[in-house]
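Colleague: Quick one: this structure, given as C-alpha cells, is what I'll be asking you about.
The values are calculated or read from the model by the stated rules, or taken from the named source; none is laboratory data. Since the model is a prediction, treat every value here as computed from it, not as a measurement. Using ideal geometry, Cβ is built from the backbone for each residue, glycine included, and neighbour counts are taken over all protein chains shown. Note: accessible area is taken over every heavy atom of the protein model, side chains too, but ligands, DNA and RNA are not part of it. Shrake-Rupley method; radii C 1.70, N 1.55, O 1.52, S 1.80 Å.
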Amino acid sequence: MADADPDVKRAVDGEIVRQNDGLELIASESYASMAVLEAMSSVMTNKYAEGYPHKRYYGGCEFVDVAEDLAVERAKKLFGAEHVNVQPHSGTQANMAVYLSVLNYGDTILGLNLSHGGHLSHGHPVNFSGRLYKPEYYQVSEKTGMLDMSEVASVARRVKPKLIICGYSAYPRTVDFKAFREIADEVGAFLMADIAHIAGLIAAGVHPSPVKYADFITTTTHKTLRGPRGAMILCKEQYAKQVDKAVFPGTQGGPFMHTIAAKAVCFKLAMETDFQDCMRQIVVNSKRLAGNLNSSGFNLVSGGTDNHLMLVDLRGRKLTGKVAEAALGEAGIIVNKNTIPFDPETPFVTSGIRIGTPCVTIRGMKDAEMDLIGGMINEVLSNIGDASVKSGVRKRVLELCRRHPVYV
Ligand SMILES: *Cc1c(COP(=O)(O)O)cnc(C)c1O
C-alpha cells in the first residue's frame, strides 16, 4: 500500500496512531483482535458466493463454505440459537431483512424513540424503516429514565403493532426480554431483539439473553463482540427459510466471505474465558466510571448503568453535548454527543454525551484507570475554555495510553 497508494497509507497510519494515543470511550466501538483483522484482510474477499454453503450459485466455494459453516455453527453454540444467518453486511441490513421476512409495506412497527436510545433502523422517519412501514414509538419514563414495561404494554395495546422491537443504542439499563415477550403475545406481534450493543455481554452471560423470548434477534458483530464490521440474524427454526430468503436474494447480493471468515474467528474467541472475563470487567468498569462521575456532580440518565455505557446529562453543567464532545476530543478523550430523553436541544447539539467502556477495558484498564478517566473528564468539562487544562490532560491521556497499548 505504501508504494501503490501513499495517500491512503498515510491515512491508515494516522488512524493507527489516533487509536493508540487516544482514550476511546465511544460505546459502540471496540478493538477487533489481530486474528480477526487477519481474516478480514484475507483473499476470501476475492470470492463470489451467492447462496448458502453447499447450495451456491458459483463454483469454487469449497473453502469459503468451510468458513461460513464454522461461523454459523459457532454462533449457534455461542448464543444457543436454533438458526443463524451470518451474511448481513451491517446491523441496519440485518434489521431490513427481518422486516422483509415478516412485514408488508405499511405494517405497523413499534420501537423505542430514537432520542430515548433507539436506533434509526427501528422506525425513524428519515430511515427506510420509517418510510416503508408505519412507525410507532414507546419511550422511557421521564421520571426514572428507564423503560416502564406497563407503559410499553399500553402503547402496544393502543397501536397494535405487527412487530415490536427491543434492544437499543443508548440505553444504560438491563432489557427485560421476558416482559417484551408477554406484551408481544398479548397483542399478537412478532418480537425482534436488536442486541447490536450488548451481544458480547450476552455471549458472556453478563446480560440476560433474548434467545428464549424473541422470534428474531439481530446483532452487529463489531461492537462488544469484538468481531469484524458486519452483522447476523438469529431466529427460531420455523423462520429459518424466510429469513435466509430475505437476506439473499431479498436485500443483498454476494456475501462478504472475508468478513464471514472473520466472524467465525470472532465467535471462537468469544467462547473463551478471556473474552468472558473482559466482558465482565467492561461492566465493572462502567459502574466504576459512572460512580466516579456521579460523585463529581454529573447527572446520569437513569442514575447509573447496568451495562457497558452511560449517558451523561449535561444540563446541570450548562453545557451541550456538542461543546463537551469537542473539548474532550481536544484532550484526547473521544466520546460522542448524544440526545438524552426529552432533550430540549437538536440532535446536532444535544444535552448529553454517551460514554462506553469496551475499548479502555480491552486495553487492560481497571478501577484505578476509571477513576483517572473520570477525574480527567471532570477537569476538562469544569474548565471548558481553558486550553492549558486541555493540553495538560492530553499529556496524561497519552501516558495512560502508552501504558496500555491496544495491540500487544
Ligand atoms: C449500531 C446499531 C445498529 C446498526 O448497525 P450498523 O452496522 O451501523 O448498520 C442497529 N441497531 C442498534 C441497536 C445499534 O446500536
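Colleague: No solvent, one uniform scatterer per C-alpha: report log10 I(q)/I(0) for the range 34-76 via the Debye equation at q = 0.16, 0.17, 0.28, 0.35 1/Å, two decimals.
Modeller: Relative scattering, expressed as log10 I(q)/I(0), comes to -0.44, -0.50, -1.06, -1.19.
Colleague: A further question on this structure: On a 1.4 Å probe surface of the protein chains, which of S295, S150, S302, S391 comes out largest in accessible area, and what is the full order? Don't skip to the end; give the middle numbers.
Modeller: Details: S295 100, S150 80, S302 20, S391 60 Å².
These residues rank, largest area first, as S295, S150, S391, S302.
Colleague: Still on this model: Counting pairwise Cα distances across the range 264-337, what percent come out greater than 17 angstrom?
Modeller: Of all Cα-Cα distances in the range 264-337, 57 percent exceed 17 Å.
Colleague: When the convex hull of the Cα atoms of the range 280-403 is projected onto a plane and the area is averaged over all directions, what value comes out in nm²?
Modeller: Averaged projected hull area, Cα only: 6.9 nm².
Colleague: Something else about it: Give me the dipole magnitude in Debye, nearest 20, for the range 97-207 about the Cα centre, with unit charges on the beta carbon: positive for Lys and Arg, negative for Asp and Glu.
Modeller: 180 debye
Colleague: How large is Rg over Rh for the range 107-158, taking Rg from the Cα atoms and Rh as the Kirkwood inverse mean of 1/r across Cα pairs? Mind dumping the intermediate values first?
Modeller: Working: Rg = 11.1 Å, Rh = 11.2 Å.
With Rg and the Kirkwood Rh in hand, the quotient comes to 0.99.
Colleague: Hey, another quick one. Just read off the accessible area of V175 with the full protein assembly in place, 1.4 Å probe, to the nearest 10 Å².
Modeller: 10 Å²
Colleague: Calculated FRET efficiency, S154 and R229, Cβ-Cβ r, R0 41 Å, to nearest 0.05?
Modeller: Between S154 and R229 the formula returns 0.60.
Colleague: Given just the C-alpha atoms of the range 33-142, how large is their convex hull per residue in cubic angstrom?
Modeller: Roughly 172 Å³ of hull volume per residue.
Colleague: If one computes the Cα centroid of the range 374-408 and of the range 287-313, what distance in Å separates the two points?
Modeller: Their Cα centres are 19 Å away from one another.
Colleague: Express in Å², to the nearest 10, the accessible area of E151 obtained by rolling a 1.4 Å probe over the protein heavy atoms while all chains stay in place.
Modeller: 80 Å²
Colleague: Go through K9/K337; K160/K241; K322/K390 and tell me which ones have a Cα-Cα distance over 21 Å in this structure.
Modeller: Over 21 Å apart, Cα to Cα: K9/K337; K160/K241.
Colleague: For a Förster distance of 35 Å, can you work out the FRET efficiency between the beta-carbons of T174 and K55, rounded to the nearest 0.05?
Modeller: For T174 and K55, the calculated efficiency is 0.35.
Colleague: Now for a different question. So what is the relative contact order for the chain, in percent, with contacts set as C-alpha pairs under 8 Å and at least six apart?
Modeller: Relative CO of the chain lands at 22 percent.
Colleague: Something else: Provide Rg and Dmax in Å for the chain, with only Cα atoms included in the calculation.
Modeller: Rg and Dmax of the chain, Cα atoms, are 21.4, 63 Å.
Colleague: Restricting to Cα atoms and excluding each atom paired with itself, what does the Kirkwood estimate give for the range 140-266 in Å?
Modeller: Roughly 15.9 Å, rounded to one decimal.
Colleague: Same structure, new question: So what's the convex hull volume per residue for the Cα atoms of the range 347-408, in Å³? Can you show the working numbers first?
Modeller: Working: hull volume 7.0 nm³, N = 62.
Spelled out: Cα convex hull of the range 347-408, divided by residues, is 112 Å³.
Colleague: Which of the aspartates and glutamates could be linked to K263 by a straight reach, that is with a Cα gap under 17 Å, when you skip same-chain ones fewer than 8 residues away?
Modeller: E29, E38, D65, E68, D69, E73, E272
Colleague: Over all directions, what mean area does the Cα convex hull of the range 35-270 project, stated in square nanometres?
Modeller: Seen from a random direction, the Cα hull of the range 35-270 projects 12.0 nm² on average.
Colleague: Where nothing but the Cβ of Lys and Arg (+1) and of Asp and Glu (-1) is charged, how large is the charge dipole of the range 35-270 around its Cα centre, in debye to the nearest 20?
Modeller: On the way: 25 positive and 21 negative charges, 26 e Å.
That gives a dipole near 120 debye.
Colleague: Give me the one-decimal nm value for the distance between modelled label points at R10 and R280, 7 Å along each residue's Cα-to-Cβ direction.
Modeller: My value for the distance between the label points is 4.8 nm.
Colleague: On to the next question. Amide H of I353: which non-local residues (sequence gap of 5 or more, or other chain) have their own amide H closer than 5 Å, using H built in the peptide plane?
Modeller: Placed amide hydrogens put V312, L314, N338 under 5 Å from I353.
Colleague: At 1.4 Å probe size, put D5, D21 in order of accessible surface, largest to smallest.
Modeller: My answer, sorted largest first, is D5, D21.
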